[in-house]
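The values are calculated or read from the model by the stated rules, or taken from the named source; none is laboratory data. The model shown is predicted, which means the values in this text are computed figures rather than measured ones. Positions of Cβ are backbone-derived with ideal geometry, glycine not excepted, and every protein chain shown enters the neighbour counts. We work out accessible area using only protein heavy atoms, side chains counted, and drop any ligands, DNA or RNA first. Shrake-Rupley method; radii C 1.70, N 1.55, O 1.52, S 1.80 Å.
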Amino acid sequence: MESRLNYFGNALAGKVLKHINSAGKVVSDSTLPAAIQELVKIRASQINGCGFCTDMHTKDAAHAGETAQRLHLVAVWREATVFTEAERAALEVAEQGTRIADAAGGVSDEAWTNAAKHFDEDQLVALISLLGVINAYNRINVINQQPAGDYQPGQFG
């Protein structure tokens, strides 16, 4: 698979990515736990079929100490016993927030209420914002057919 164009080498794309990356930095610096951030990015990327982001975020998570078992089970988190209640709440919001077109109404009140039990307002804002950022990246990479597999942890800074 080859990308349709050199998106990451394009000057206009660089300007767009600068702003998306700035938003992503605000989220990564938030109090939303880093492990939860990676799990959410992985799950959204899986749902969106973004190989590039799935590759990146599984490698980054492993590099940060996430276990292979948990990484292998992200796609089936509902049946897995290795995730905390907070992680499960975040993954549910991630799924419903990513599948907006598939689920009329977006994130259900039940999923939101459950997430609010585990996260404060700033963390909920970070979770929503993280979903916006990763879904934007997923769409850019899927539309461009960005190949997956060559990412190295820390490659983008």
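Using a probe of 1.4 angstrom and keeping all protein chains present, the accessible surface of segment 66-157 works out to 55 square angstrom per residue.
Decide, for the chain, between rounded, prolate and oblate: order the square roots of the alpha carbon gyration tensor eigenvalues as a ≥ b ≥ c, take rounded if a/c falls under 1.5, and otherwise choose prolate if a/b is larger than b/c, else oblate. The shape class here is prolate.
Per DSSP H run of at least 4 residues, take -39500 (n - 2.57); add these up for the chain, divide by its residues and hand me the 222 nm value, nearest 500 deg cm²/dmol.
One gets -20500 deg cm²/dmol as the mean residue ellipticity at 222 nm.
For segment 59-145, trypsin sites (Lys or Arg not before Pro) meeting the loop criterion (DSSP other than H, G, I, E, B) and having at most 14 other Cβ atoms within 10 Å: Arg78, Arg99. When you restrict to C-alpha pairs under 8 Å that are six or more residues apart and normalise by the size of segment 16-157, the relative contact order lands at 40 percent. Evaluated over the chain, the count of Lys pairs having alpha-carbon atoms less than 24 Å apart is 8 (only pairs 8 or more residues apart or interchain).
For the chain, with all protein chains in place and a probe radius of 1.4 Å, 56% of the accessible heavy-atom surface sits on carbon or sulfur.
With both labels modelled 7 Å from their Cα along Cα-to-Cβ, the Arg99 to Leu73 distance reads 2.0 nm.
Once R0 is set to 41 Å, what does the formula 1/(1 + (r/R0)^6) return for the Cβ-Cβ distance between Ala11 and Ala62, expressed as a FRET efficiency to the nearest 0.05?
0.80
Which shape class applies to segment 1-54: rounded if a/c is under 1.5, otherwise prolate when a/b exceeds b/c and oblate if not, where a ≥ b ≥ c are the square roots of the Cα gyration tensor eigenvalues? Oblate.
The length gained on full extension between Gln152 and Asp109, counted as 0.36 nm times the residue separation minus their Cα-Cα distance, comes to 11.7 nm. Annotation for segment 91-116 versus segment 133-149: alpha-carbon center distance of 22 Å. Only helices reaching 24 angstrom along their own axis (Cα) with mean Kyte-Doolittle hydropathy no lower than -0.5 count here, and for the DSSP H runs of the chain these are 11-28, 121-144. Length gained on full extension, Asp120 to Met1, computed as 0.36 nm times the residue gap minus the Cα-Cα distance: 38.6 nm. Extension gain, Val142-Lys25: 0.36 nm per intervening residue step, less the Cα-Cα distance, totals 39.9 nm.
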